[in-house]
């Protein structure tokens, strides 16, 4: 089976994010100062657990970002030198891994783990037309009658739990081994310390998180082999699959939009704070102008204009996936271009403060050029602000996407996203009988992702901003300082 | 003071001019009026005559910025920019782009009254409830109440407002039949329709607001005057409610003030979910109907309200804290 690799704009973003994270990790490794700060983040139990969850979600997003198009088999009689034709469907590696879910499309709604449809239909039973709940094509297809359902589901779930437990055990032993190597202990001693929570980093919390994740995803994946674990939506698509696909959209919006704010926010913030004078006036005018337009309205206006452009230039995009991807990409750029004011204001104020410090004055006295001062002396000292803002914005943007999709200026309706799922769920929740599973799935995935992002962001903020640490709630009063 | 006020107003007008220019460029230069006509008429085959007719009906057939063919001042005034952008300053919004061509100015006036009915009680309650919640957490600092309170806050702010709305509507309207699902009536009847959106909106923001105010109070608690007050022998409630609360008013004002524009503009999501015909749902209708004239007018109205709100907040600072002098 040959295929053509397709690189969408947002794929580049996800892969670039991955590479940047690796490069940054390398840098942390090399700098004792940064390492100490990030160790502080990891020592925070909530933050390290959250990062386990985030890494898992990010892995799904990365796997979902490797796209390709299959080669269509040559039509009979076509000449050999004719150009290869490619399928119109752009698939990702995740689609291949979940091929059964994609192929097992039903005709309409079905409840989670169901083996029969949700609504009655006319079915041909032994030559007679009967009104009944039709059997699903994919959900429980190998069961011969309804009585086997309970046993089969229980068995599969138990298998899932077993495999999950095994994976968690494996992860725990790897961690114990690492602890043993680092502290030059025997494996048994290290495992004992790990279980008692007497390690340098809160590894026990990590093990518990991994165990919890495995306990949830083990049964889910095991059951997904034969059932729709979260049911199907109105057109019969698997909801679990949609939720997994939405993760990538959320990640792209969260990362790309903040990355898109950085050039303007950092550049203008530092320049205006350091140079002052008319440059400062102009920059201040620009961000006052920008922030005086209500955000949603400005984004809506930009997205509407982008939409008109995409609609009037259909020839620019080869496939539907490309079109919705460009829309996602431009949406993030718009979010970035309209959202730089806050960070810019923050950096401007910090730069003004820094430019009065002795080391900057010394650099000026030594005749260091202005540009060099800004790049070498100011920028490294505001990086912590940029990191804090970036991680804090990440979760806010994921939440924002849902609202924008509801307003009608979010991602392309053809693209899976949490906002789109909630939007559809809204009509489903007013149906009778109630269709609740799309809503529940979107809720579970989104809350997990956003909560993890928030907890991680809090850990990062506390590590980089000592002032914020004082506001941490504690269960026991600490000694007065 | 007056001097400052005049200068702020002047700067506001300057910003407004920029906003106007930016929106105009966004709406008329990125896509030509022809593109918009094609989109608005819809269908695959749109003839040139149809486009021209659509443009003439709405006055988009004139030159965009400069009419070289006209006489005298008409060179500048007989353009789309003058008709559609400069006239906004006189609060003349013109008619919408859709087939019904409603008067935008009239719509905005009637809908703003409805938005205010939802937003004013919400704004007041939001500040009171969030501050009270934060004070509770701060009062029980370093205790399980504080700890689990903050955990609840983080959990609550991780949930999208849409979830609150859908679950709330489902529970209170469908299961318990306490309030109507959506809709609006004028007069006292409106209360029945407004209770649920107000409560849900409060809940959806309580997490972030509560945590924010808690941090503000804790920051104030670390100051010298608090130590002095405690050293004087004042009881902790007295320190907290008399001294800290008054001093925290400035940061509270700043953060609450940033919501002031939405008091007038209404909440997009809540209004449209609950079928309240305010400005928020007006915007959503315009966006889904691709009525650009309404979106443009609303951007302008929104900015005017933003700028005015910030001037009001600045003046309020002097009232809350006599030390602040505006110059």
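Looking only at residues in region A:309-326 that are closer than 22 Å to residue B:31 by Cα and surrounded by 21 or more Cβ atoms within 10 Å (Cβ to Cβ), which one is nearest to the chain's Cα centre (by Cα)?
If we take residues in region A:309-326 being closer than 22 Å to residue B:31 by Cα and surrounded by 21 or more Cβ atoms within 10 Å (Cβ to Cβ), then A:325 is nearest to the chain's Cα centre (by Cα).
Which one of these does residue A:1 not meet: (1) at pLDDT 85 or above; (2) surrounded by fewer than 18 Cβ atoms within 10 Å (Cβ to Cβ)?
For residue A:1, the failing item is (1).
Which condition breaks for residue B:124 when tested against (1) crowded, with 17+ Cβ neighbours inside 10 Å; (2) away from chain A (no Cβ under 14 Å)?
(1)
Condition check ((1) modelled with pLDDT under 85; (2) under 24 Å from residue A:307 (Cα atoms); (3) within 9 Å of chain A (Cβ to nearest Cβ); (4) buried (at least 17 other Cβ atoms within 10 Å of the Cβ)) across all residues:
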| position | (1), (2), (3), (4) |
| --- | --- |
| B:11 | no, no, yes, no |
| B:16 | no, no, yes, yes |
| B:19 | no, yes, yes, yes |
| B:28 | yes, yes, no, yes |
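If a residue must be crowded, with 17+ Cβ neighbours inside 10 Å and over 20 Å from the mean Cα position of the chain (by Cα), how many such residues does region A:212-228 contain?
So the answer is 8.
So which pairs qualify, if the first residue must be in region A:187-201 and without any contact (Cβ under 8 Å) to a residue 24 or more places away in the chain, the second must be surrounded by 13 or more Cβ atoms within 10 Å (Cβ to Cβ) and not in a helix (DSSP H, G or I), the Cβ gap must be under 8 Å, and the two must be at least 6 apart or on different chains?
Final answer for the pair search is A:193/A:185; A:193/A:199.
Could you list all residues from region B:130-176 that are surrounded by fewer than 17 Cβ atoms within 10 Å (Cβ to Cβ) and more than 9 Å from chain A (Cβ to nearest Cβ)?
The answer is B:132, B:136, B:139, B:140, B:145, B:152, B:171, B:175, B:176.
Which condition from (1) at negative phi; (2) in contact with a helix residue (DSSP H, G or I) (Cβ under 9 Å, 6 or more places away or on another chain) is the one that residue A:174 breaks?
Every listed condition holds for residue A:174 apart from (2).
Answer with yes or no whether residue B:255 is under 16 Å from the mean Cα position of the chain (by Cα), assigned to a helix (DSSP H, G or I) and buried (at least 19 other Cβ atoms within 10 Å of the Cβ).
Criteria not met by residue B:255.
What are the pairs, 6+ residues apart or on separate chains, where a residue within region A:285-309 that is in contact (Cβ under 8 Å) with a residue 12 or more places away in the chain and facing chain B (nearest Cβ under 7 Å) has its Cβ under 7 Å from a residue that is surrounded by fewer than 21 Cβ atoms within 10 Å (Cβ to Cβ) and not in a helix (DSSP H, G or I)?
A:304/B:290
Hey, which of the helices (runs of 4 or more DSSP H) in region A:381-481, taking only ones fully inside, have at least 1 residues that are in contact (Cβ under 8 Å) with a residue 60 or more places away in the chain and within 12 Å of another protein chain (Cβ to nearest Cβ)?
Counting at least 1 such residues, we get A:383-407, A:418-428, A:437-464.
Go through region B:134-145 residue by residue and tally those that are assigned to a helix (DSSP H, G or I), free of Cβ contacts under 8 Å to residues at least 60 places away in the same chain and in contact with a helix residue (DSSP H, G or I) (Cβ under 9 Å, 6 or more places away or on another chain).
Adding up the residues that qualify gives 2.
In this structure, is residue B:255 in contact (Cβ under 8 Å) with a residue 24 or more places away in the chain, in contact with a helix residue (DSSP H, G or I) (Cβ under 8 Å, 6 or more places away or on another chain) and over 21 Å from residue B:22 (Cα atoms)?
Against the criterion (in contact (Cβ under 8 Å) with a residue 24 or more places away in the chain, in contact with a helix residue (DSSP H, G or I) (Cβ under 8 Å, 6 or more places away or on another chain) and over 21 Å from residue B:22 (Cα atoms)), residue B:255 qualifies.
Please determine, by comparing only the residues of region B:286-307 that are more than 10 Å from chain A (Cβ to nearest Cβ) and modelled with pLDDT of 85 or more, which one is farthest from residue B:16 (Cα to Cα).
For region B:286-307, the residue satisfying everything is B:294.
Name the one entry in B:226, B:269 that is touching a residue at least 12 places away in the same chain (Cβ under 8 Å) and more than 12 Å from chain A (Cβ to nearest Cβ). Give the steps one after another, and end with the answer.
Values: B:269 fails: more than 12 Å from chain A (Cβ to nearest Cβ).
Only one candidate passes the filter, namely B:226.
Count, please, the residues in region B:182-196 that happen to be within 11 Å of chain A (Cβ to nearest Cβ) and free of Cβ contacts under 8 Å to residues at least 24 places away in the same chain. Write out each step before concluding.
Here is the first cut: in region B:182-196, the residues within 11 Å of chain A (Cβ to nearest Cβ) are B:182.
Within this subset, residues satisfying the condition of being free of Cβ contacts under 8 Å to residues at least 24 places away in the same chain are none.
Within region B:182-196, residues that are within 11 Å of chain A (Cβ to nearest Cβ) and free of Cβ contacts under 8 Å to residues at least 24 places away in the same chain number 0.
Among what's in region A:310-320 and is without any contact (Cβ under 8 Å) to a residue 40 or more places away in the chain and more than 7 Å from every other protein chain (Cβ to nearest Cβ), pick the residue that is farthest from residue B:295 (Cα to Cα). Working first, answer last.
We begin by selecting, within region A:310-320, every residue without any contact (Cβ under 8 Å) to a residue 40 or more places away in the chain; these are A:310-318.
Subset that is more than 7 Å from every other protein chain (Cβ to nearest Cβ): A:310, A:313-318.
Details: A:310: 19, A:313: 23, A:314: 25, A:315: 28, A:316: 27, A:317: 28, A:318: 31 Å.
That would be A:318.
Considering region A:364-380 alone, what residues qualify as being in a loop (DSSP other than H, G, I, E, B) and on the phi < 0 side of the Ramachandran plot?
Filtering region A:364-380 down to residues in a loop (DSSP other than H, G, I, E, B) leaves A:366-369.
Within region A:364-380, A:366, A:368, A:369 meet the criteria.
Between a residue in region B:1-23 that is outside any helix (DSSP H, G or I) and any residue that is surrounded by 13 or more Cβ atoms within 10 Å (Cβ to Cβ) and modelled with pLDDT under 85, which pairs come within a Cβ distance under 9 Å, given they are 6 or more apart or on different chains?
So the pair list comes out as B:1/B:315; B:1/B:318; B:1/B:326.
May I ask you to verify whether residue B:237 is in a loop (DSSP other than H, G, I, E, B) and over 21 Å from residue B:159 (Cβ atoms)?
no
Among (1) modelled with pLDDT under 90; (2) in a helix (DSSP H, G or I), which single condition is residue A:69 missing?
It fails just one condition, (2).
Is it fair to say residue A:178 is assigned to a helix (DSSP H, G or I), buried (at least 19 other Cβ atoms within 10 Å of the Cβ) and more than 14 Å from chain B (Cβ to nearest Cβ)?
No.
Looking for something farther than 24 Å from residue A:90 by Cα, modelled with pLDDT of 90 or more, part of a helix (DSSP H, G or I) and over 28 Å from the mean Cα position of the chain (by Cα) - is there at least one such residue anywhere in region A:289-299?
yes
Residue A:331 - would you say it is in contact with a helix residue (DSSP H, G or I) (Cβ under 7 Å, 6 or more places away or on another chain), in contact (Cβ under 8 Å) with a residue 12 or more places away in the chain and within 16 Å of residue A:416 (Cα to Cα)?
So residue A:331 fits the description; yes.
Given A:35, A:45, which one is surrounded by 12 or more Cβ atoms within 10 Å (Cβ to Cβ), over 20 Å from the mean Cα position of the chain (by Cα) and without any contact (Cβ under 8 Å) to a residue 12 or more places away in the chain?
A:35
The values are calculated or read from the model by the stated rules, or taken from the named source; none is laboratory data. The model shown is predicted, which means the values in this text are computed figures rather than measured ones. When we count neighbours, we look across all protein chains shown, and the Cβ atoms used for this are built from the backbone with ideal geometry, even at glycine.
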